[in-house]
């Protein structure tokens, strides 16, 4: 997993962009994707979009947990499983998540993917439920508990 350059452990503190992108390419070749963790706030993939048409992003999880979930989902996609958009899915976590197609707003947060692929990259957000299993569009959703998860998708009306 990679960290941002505002983190002392960031690869970019001691390497060039060319070296960084060589590492991204190597991770994609070896593992099918590269993970970018941004300030411990969110984590996203680089490398899924050529085969699946999107990259994944998740907010509000510790980097190790986010990485484990993103890696599991990536492996499932490469094994031929599909993601159902806008439907609860419990295959990857102990509580259900939803996969939501992101609006253009997501292009503001996936700089490494955009730089690597040379343009905008469609994103799918992994939306976490609250402790009661409710999603942000559900009545009674605990917004206080889930403040760290912005909606990069169009909310249901």
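Can you find, within the stretch 85-102, the residue that is surrounded by the most Cβ atoms within 10 Å (Cβ to Cβ) among those that are out of contact with any helix residue (DSSP H, G or I) (no Cβ under 9 Å at 6 or more places or on another chain) and more than 13 Å from residue 56 (Cα to Cα)? The selected residue is 96. Only a single item in (1) surrounded by fewer than 17 Cβ atoms within 10 Å (Cβ to Cβ); (2) more than 20 Å from residue 127 (Cβ to Cβ); (3) at pLDDT 95 or above is not met by residue 8, and it is number (3). Could you tell me whether the stretch 67-74 includes any residue that is more than 12 Å from the chain's Cα centre (by Cα), at pLDDT 95 or above and either surrounded by 14 or more Cβ atoms within 10 Å (Cβ to Cβ) or over 29 Å from residue 136 (Cα atoms) (or both)? No, the stretch 67-74 contains no residue that is more than 12 Å from the chain's Cα centre (by Cα), at pLDDT 95 or above and either surrounded by 14 or more Cβ atoms within 10 Å (Cβ to Cβ) or over 29 Å from residue 136 (Cα atoms) (or both).
Examine the stretch 110-124 for a residue that is touching a residue at least 12 places away in the same chain (Cβ under 8 Å), surrounded by fewer than 16 Cβ atoms within 10 Å (Cβ to Cβ), over 19 Å from residue 43 (Cα atoms) and over 16 Å from the mean Cα position of the chain (by Cα), and state whether such a residue exists. Checked the stretch 110-124: no residue is touching a residue at least 12 places away in the same chain (Cβ under 8 Å), surrounded by fewer than 16 Cβ atoms within 10 Å (Cβ to Cβ), over 19 Å from residue 43 (Cα atoms) and over 16 Å from the mean Cα position of the chain (by Cα).
Just one of the listed residues (53, 40) is surrounded by fewer than 14 Cβ atoms within 10 Å (Cβ to Cβ), at positive phi and touching a residue at least 12 places away in the same chain (Cβ under 8 Å), namely 53. Exactly one residue out of 81, 33, 41 is under 16 Å from residue 112 (Cβ atoms) and modelled with pLDDT of 95 or more, and it is 33. Every condition in (1) at pLDDT below 95; (2) closer than 30 Å to residue 17 by Cβ is met by residue 122 except one, and the failing one is (1).
The values are calculated or read from the model by the stated rules, or taken from the named source; none is laboratory data. Nothing here was measured: the structure is a model prediction, and the numbers come from that model. Neighbour counts are summed over all protein chains in view; Cβ atoms, including those assigned to glycine, are modelled from backbone coordinates with ideal geometry.
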